[in-house]
1. Select from region 51-61 the residues that are open to solvent by less than 100 Å² (accessible area, probe 1.4 Å) and closer than 30 Å to L82 by Cβ and list them in ascending order.
2. Quick check on my filter: what residues within region 32-42 are open to solvent by less than 80 Å² (accessible area, probe 1.4 Å) and part of a helix (DSSP H, G or I)?
3. What about S18, is it open to solvent by 60 Å² or more (accessible area, probe 1.4 Å), modelled with pLDDT of 90 or more and more than 27 Å from S91 (Cβ to Cβ)?
4. What pairs come up if the first residue lies in region 72-90 and is in contact (Cβ under 8 Å) with a residue 60 or more places away in the chain, the second is open to solvent by 100 Å² or more (accessible area, probe 1.4 Å), and their beta carbons are under 9 Å apart, counting only those six or more places apart or on different chains?
5. Checking E45 against (1) modelled with pLDDT of 95 or more; (2) loosely packed, with under 10 Cβ neighbours inside 10 Å; (3) acidic (D, E), only one condition comes out false. Which one?
6. Filter region 65-83 for residues that are part of a helix (DSSP H, G or I) and open to solvent by less than 90 Å² (accessible area, probe 1.4 Å) and give the result.
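The values are calculated or read from the model by the stated rules, or taken from the named source; none is laboratory data. Please read all numbers here as calculations on a predicted model, not as lab measurements. With ideal geometry, Cβ positions are generated from the backbone for all residues, glycine too; neighbour counts draw on all protein chains shown. Side chains are part of the model used for accessible areas, which takes the heavy atoms of the whole protein and leaves out ligands, DNA and RNA. Shrake-Rupley method; radii C 1.70, N 1.55, O 1.52, S 1.80 Å.
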Amino acid sequence: PSPNSFQANGASEEALRSEIKELKQKDLALDQEIAQLLSEGYSLEELDKHISLLHEYNEIKDAGQMLLGKLAVIRGVTTKQLYPEYDLELSD
């Protein structure tokens, strides 16, 4: 192996160490957030249910956006132009 490959491996190892450090920090922050929510009276089951409902909401919203996009293409307008017709806010 050339000296350059050792430098690349060293840099790549350093990048991995940095990423591991960041992930450990995120893990700790999430553990602290969970502990805070539990101390406020939330249960893990309740939190899991909320997360599940948020995923379902996002999937439904994505499907709606896709349908609006297809309808906009068919009509030759922008998706934004369809929002008032369906009483949608731009933040929806």
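1. Residues satisfying the conditions are S52, L53, E56, N58, K61.
2. Within region 32-42, I34, A35, L37, L38 qualify.
3. no
4. none
5. Evaluating E45 over (1) modelled with pLDDT of 95 or more; (2) loosely packed, with under 10 Cβ neighbours inside 10 Å; (3) acidic (D, E) leaves (1) as the failure.
6. Correct list: Q65, L68, G69, L71, A72, T79, L82.
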